[in-house]
Every structure is written in C-alpha cells, then in structure tokens.
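Heads up, the thing below is written out as structure tokens.
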Amino acid sequence: MIAWISLVMFPQTYLVALSAEESPPALVLHGASVFDSTSGLMIKNRTVVVENNQITAVVPSESDREFTSDSRIMDLQGKYIIPGLIDAHVHLVHLADRTHVTGDELLPLFLAAGVTAVRSAGDAIVAQVGVAHYARANRKISPRIFMSSPLIDRNPPLHEDVGYPITDPAQVAEFVRDMKSWNVRSLKIYVGIDRKIGKKVIDEAHLHGLKVMGHLGNYSAQDAVTDGIDCLEHIWSVFNYSIPPEVTNLPNFRSNLDLNNPRCQSLVNAIAKRKVAVDPTLVVFRNMIYLNDLESVHMHPDLDRMPHRLIRYWESYRRTVNLQVNTRKERTNEIRKYQELTGILYRAGVPILVGTDAPEPFVPPGYSMHQELELLVQSGMPPAAVLQSATRNNARIVGSDDDLGRIAPGYLADMVILSDDPTADIRNTRRIEWIVHDGLLARPEELLKEVSIE
C-alpha cells in the first residue's frame, strides 16, 4: 500500500531544475478530480503519476498501487486538475517596440495563469525564434511556444514589423519551404492577400504538414473555407462575410445584424461541414477595440500584474482612440452579436479555439485567457466545452494532440491544479494552486516574482 506523504512536506515554492543526467522521483498527484478533455467530464478521485516530464498513469485513487519510497506524493483530495491551458493566438514580438517589453519578459505571466503553451499568430521569424529558444532554456518559467510565419500580406504589408509581402503565387513555394526550415507549425494569411495567393499558401502548407490560419480581408471566408484553410482567426473573419450586401447602408447594421440571414447560415454550414476551426478572440474586441472606455476593462484587476511599460502604452492607445459615450450602446450590442455568432458556430459543430491576441492593449498575457473563457461561456458554450476548446481543440490546431491537451498516459505533464471545479463555474480556472509544466511544479506567486513590474 502507499505510504502517503503529507503535502506540507513540500517546500512552499517547489521549483527545481534537473540536469540531463538526473532522473527525478515520480510525482504522484493523489485523490483529485481530473478533467477528461475527450469526454468533457470531470472524473472524481483519480491519481495521476508523472515520471520525468510525462504522465505515466491515471488510475482510481483506491487502486492498490505501490510507489518507490522517494516518490513525491501530493494529497489533492478535494482539488481539481485540468490539462494546461493553451492560448491559440498570441504575439510575442509584435508591439515590443512600442511597449518596450520583449516577449521573454511576458512568458512567466502566461505560466502563472495556467497557460502552459501558446501559439504564435504571426511574428517576425528571427525574433520569434529567439523567444522560443529562451523559453526552452527556461522551461521553469516559460510556456511551450508553437511558432508561426510572419503575417503573409500584400506589398507593403499592413504591419511592416511583422508582415511578409507576397505578390505572386510563384513566390509561395520557396517561402513555405523556408518557414518549414524554421520549424513553424502554422502559416498566417493576412488581410491584403487575395484568393489566388491564399489558395497557393494553403496547398503548399499542407504539402509540408503545416496548418494555415487566416485573418481575412480580401480573401473571403467562403473562398478560404472552400480552399481548405484550417482555422479562421477573430470572429470578424466569419462575421464580416455573413453580412448581406443590402443591409450595409442601414444605420448600425453590425450591431443589429440578423444572424439567421441566408448568407450567414450558408457560411456557418460550410465551416461546420469542413470542420474549419474558428478562434473568436472575443476578449481583444471587447478590451482593445470596442469597450476600453469602461473601467471594468481599463482598470481590470488582471492589469495589476502587468509591467508598467505595458500599461503606459495601453493607456496612450486608449487616449488616441477616444471612444465616445454616445456610441457605447451600439458598441456593446456589436460585442453581443459576436458572442451570438460564436454560440451559433459552436452549436453547428464548428471546432472553437480559445485565443486572446495578447499583448494587444488591455489584453493581459496569461490572464486574458480566463477572460476569454468567461466570454465564451457567456456566448452559450457550456464550461466543459470551453475547457475542451482551450485544451484538446487548441492542441489539435498546433498539431500536438497526441501529446498535449489531455491528462492521460503518454501525454506531456502540463496540468493546472485548482481549488474549485471549473465545470461548475468557469471562473474557477483562476483558482490556481499549482502549475505542472513539463513535469515541474510551480506556484503562481513564485512565477510572478520573475516579472519586472517596472
């Protein structure tokens, strides 16, 4: 039988680096409820065994299983374990020049919030690779990083710091080969690209086993879905192509759009049929674009953890945008329309992703993930489905669903230990006691000490 070791025997700030030669004792998480991201169920009274950086067993806690005397055993009865959260849309290079905060400085914020992996959604490739190298060398304080291409755009690109112009389909094959050599997982089509180039990007990417995401503009969602795009970024990439031409001259048509119109229904059906994923990033629309004049946004408690350099830039952005009170009702209604469309997509069977667009203004790295989870629940998704999106679905879109996004034998040990059940209330994803990342245990408060607040 197991000789249980009290949790109080653990150092309160257990965070240990191991040399390549050392084989750490098994970590045994005993007695917790464990979220099964395949079924969407919270399974009670389980014991999870971690050896090195891998989960080796998930068994009923009453199992007659013996462990070596040096096993590190944590009594987690009454606690809840979910797979590590994955943010499917971040930028670790873009905005650095304006905020004076570099991507490596943001990494502990993600991990402290239970975000154990992030997907870059378009950044300058060399700088992005540098941040990824830093993350691998500092895995105690950094999430996993899945890289993408720069923003594939017209010439000149809309964002010259992170854009890459392609004006001829003949340029695509070489570009994709180059991106593959940098070990990116995704290519990103941006607003200036037309269908001729967009389809070529999709075809070449798939030849190399890469996925394609799209923040669409000239390339319509209808065409991109037909051409085989893997995911649509931002709810705009669906909403903007759901608007019948005849309503565009009506006042406030975006905030009053009837989403039961045939154009919208046809697009939703096509997205669902082809299983194209949609990453709504509702939080960036609310916090950055539409409602940053609300104190609940620009004075949110999550911002207290952010470097002051970020806050100063975000405030300068807010002053420049200068939203007017007399438009707030329409702006609020437009956000609700985006949430309504997200619910429609979910109920149609579209795979929903969870991304934030951090660190765009008032979208705090790591902690905006919890805001996005709440917005998705408000959109009509059950908490368990939202957790599946943030774990299983996001792991699939980075091509790592065979080793991330589940708590199961053979999967990497990325988990979050919570004090309360997030399937009962999604806000409980904030109630983090421990993070397990790559087999290493950390307390949120210790990770936050790694962030310079100045």
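The values are calculated or read from the model by the stated rules, or taken from the named source; none is laboratory data. None of these values were measured; they are calculated from a predicted model. In this analysis, Cβ positions are derived from the backbone assuming ideal geometry, glycine residues included, and neighbour counts consider all displayed protein chains.
Can you confirm whether the range 417-429 contains a residue that is surrounded by 22 or more Cβ atoms within 10 Å (Cβ to Cβ) and farther than 18 Å from Ser33 by Cα? Within the range 417-429, not a single residue is surrounded by 22 or more Cβ atoms within 10 Å (Cβ to Cβ) and farther than 18 Å from Ser33 by Cα.
Flag set for Leu373, criterion: within 27 Å of Val101 (Cβ to Cβ) and outside any loop (DSSP other than H, G, I, E, B). Determine, yes or no, whether Ile453 is modelled with pLDDT under 95 and not assigned by TED's automatic domain parsing to the domain that holds Ala270. So Ile453 passes the test. Residues of the range 233-254 that are out of contact with any His (no Cβ under 8 Å at 6 or more places or on another chain) and either β-branched (Val, Ile, Thr) or closer than 19 Å to Asn393 by Cβ (or both): Ile235, Val238, Ile243, Val247, Thr248. Scanning the range 262-294 for residues that are closer than 17 Å to Glu340 by Cβ, of a type in the set (S, T, N, Q) and touching a His at 6+ places or on another chain (Cβ under 8 Å) gives a single hit, Thr281.
The number of residues in the range 167-177 that are surrounded by fewer than 23 Cβ atoms within 10 Å (Cβ to Cβ) and in contact with a helix residue (DSSP H, G or I) (Cβ under 7 Å, 6 or more places away or on another chain) comes to 3. Here Tyr219 meets the list (1) closer than 17 Å to Leu282 by Cα; (2) among the hydroxyl-bearing types (Ser, Thr, Tyr); (3) surrounded by 22 or more Cβ atoms within 10 Å (Cβ to Cβ) almost entirely, failing just condition (1).
Conditions (1) surrounded by 15 or more Cβ atoms within 10 Å (Cβ to Cβ); (2) modelled with pLDDT of 95 or more; (3) in contact with a Ser or Thr (Cβ under 8 Å, 6 or more places away or on another chain), marked per residue:
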{"site": "Val48", "(1), (2), (3)": "yes, yes, no"}
{"site": "Val58", "(1), (2), (3)": "yes, yes, yes"}
{"site": "Ser61", "(1), (2), (3)": "yes, no, yes"}
{"site": "Phe67", "(1), (2), (3)": "yes, no, no"}
{"site": "Asp75", "(1), (2), (3)": "yes, yes, yes"}
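Where strands (runs of 3 or more DSSP E) fall entirely within the range 377-454, none has at least 3 residues that are within 25 Å of Glu233 (Cα to Cα). Considering Lys200, Lys196, the condition of being in the same structural domain as Lys275 (by TED's automatic domain parsing), surrounded by fewer than 20 Cβ atoms within 10 Å (Cβ to Cβ) and not in a loop (DSSP other than H, G, I, E, B) is satisfied by Lys196 alone. Annotation note: Cβ proximity below 9 Å between a residue of the range 399-416 that is surrounded by 23 or more Cβ atoms within 10 Å (Cβ to Cβ) and a residue that is modelled with pLDDT of 95 or more and aromatic (Phe, Trp, Tyr) (sequence gap 6+ or interchain) occurs for Leu404/Tyr411; Gly405/Tyr411; Ile407/Phe35; Met415/Trp434; Val416/Tyr80; Val416/Trp434.
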